[in-house]
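Structure, as structure tokens:
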Amino acid sequence: MPPDANFEQSSAAFLKCFVKPADSAKARRELPLLRQEGQSVETYAAKFNNMNNRITEGTAIDSTTLAVYFQQGLARRISSALVSSQTIATMQNVALVMAAAEEIESKLDLSVKQAQVEVPAPGNPHSNKQGRFSNRGSGNANSQFGTSVC
């Protein structure tokens with residue numbers, strides 16, 4: 001079911017009635033300071049949106065400013081990848097920045113998992129590459145059976 005404009009208006013009116021002005025002011029002050037700090041981008045984005053929704057007093061914060069606040073709070077590895085890979089149009093829309101950051105995080109996490117799968121080659125515990133014949137012993141192929149071909 002598509003989003004209902006009446007629901008959005010009702011939600012905004014509800015929050016305006018029940019969020020205390022002091023809570024709204026606190027959320028306005030804390031939003032630019034919110035940081036990802038070890039959370040997933042999805043969790044950070046949910047907290048960011050929750051805090052933004054508590055801002056019911058004064059003028060709403062525009063999407064470009066929200067995008068800047070969100071990007072500044074991201075973990076450095078995600079923020080750097082985001083800035084170098086996204087267009088200016090994306091960086092000016094908080095929803096697009098959130099989606100792009102989630103995609104970047106999933107790609108970075110996948111590359112880390114793939115790097116961790118590599119097993120050290122036999123006889124070299126410091127190598128990150130799996131030996132071509134990692135199931136064989138060293139030397140001649142028959143040495144594991146105690147016989148010699150020579």
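The values are calculated or read from the model by the stated rules, or taken from the named source; none is laboratory data. The structure displayed is predicted, hence computed values, not measured ones. Here the Cβ positions follow ideal geometry from the backbone for every residue, glycine too, while neighbour counts run over all protein chains shown. What goes into the accessible areas is simple: the full protein's heavy atoms, side chains included, and nothing from ligands, DNA or RNA. Shrake-Rupley method; radii C 1.70, N 1.55, O 1.52, S 1.80 Å.
Filter the stretch 70-103 down to the residues that are open to solvent by 20 Å² or more (accessible area, probe 1.4 Å) and touching a residue at least 60 places away in the same chain (Cβ under 8 Å) and list them by number.
Within the stretch 70-103, just GLU102 meets the criteria.
Could you please tell me which pairs satisfy a Cβ distance under 7 Å, a separation of 6+ or placement on different chains, a first residue in the stretch 41-69 that is within 14 Å of ALA95 (Cβ to Cβ), and a second residue that is assigned to a loop (DSSP other than H, G, I, E, B) and open to solvent by 70 Å² or more (accessible area, probe 1.4 Å)?
Pairs found: SER63/GLN92; THR64/GLN92; ALA67/GLN92.
Can you name the residue in the stretch 33-69 that is farther than 23 Å from ALA22 by Cα and charged (D, E, K, R) and is also least open to solvent (accessible area, probe 1.4 Å) among such residues?
The selected residue is GLU42.
Can you spot a residue in the stretch 33-55 that is in contact with a Lys or Arg (Cβ under 7 Å, 6 or more places away or on another chain), at pLDDT 95 or above, assigned to a loop (DSSP other than H, G, I, E, B) and not hydroxyl-bearing (Ser, Thr, Tyr)?
Looking only at the stretch 33-55, we keep the residues that are in contact with a Lys or Arg (Cβ under 7 Å, 6 or more places away or on another chain), and these are 34, 55.
Applying the additional criterion that residues be at pLDDT 95 or above yields 34.
Checking the rest, the ones that are also assigned to a loop (DSSP other than H, G, I, E, B) come to 34.
The next check asks that each one be not hydroxyl-bearing (Ser, Thr, Tyr); those that pass are 34.
Looking for residues that are in contact with a Lys or Arg (Cβ under 7 Å, 6 or more places away or on another chain), at pLDDT 95 or above, assigned to a loop (DSSP other than H, G, I, E, B) and not hydroxyl-bearing (Ser, Thr, Tyr), one finds at least one in the stretch 33-55, hence yes.
Within the stretch 87-145, restricting attention to residues that are of a type in the set (Val, Ile, Thr) and assigned to a helix (DSSP H, G or I), which residue is modelled with the lowest pLDDT? First the steps, then the outcome.
As a first pass, look at the stretch 87-145 and keep what is of a type in the set (Val, Ile, Thr): 87-88, 90, 94, 97, 104, 112, 117, 119.
Applying the additional criterion that residues be assigned to a helix (DSSP H, G or I) yields 88, 90, 94, 97, 104, 112, 117.
Details: ILE88: 90, THR90: 92, VAL94: 96, VAL97: 97, ILE104: 96, VAL112: 80, VAL117: 66.
Once the filter is applied, the top-ranked residue is VAL117.
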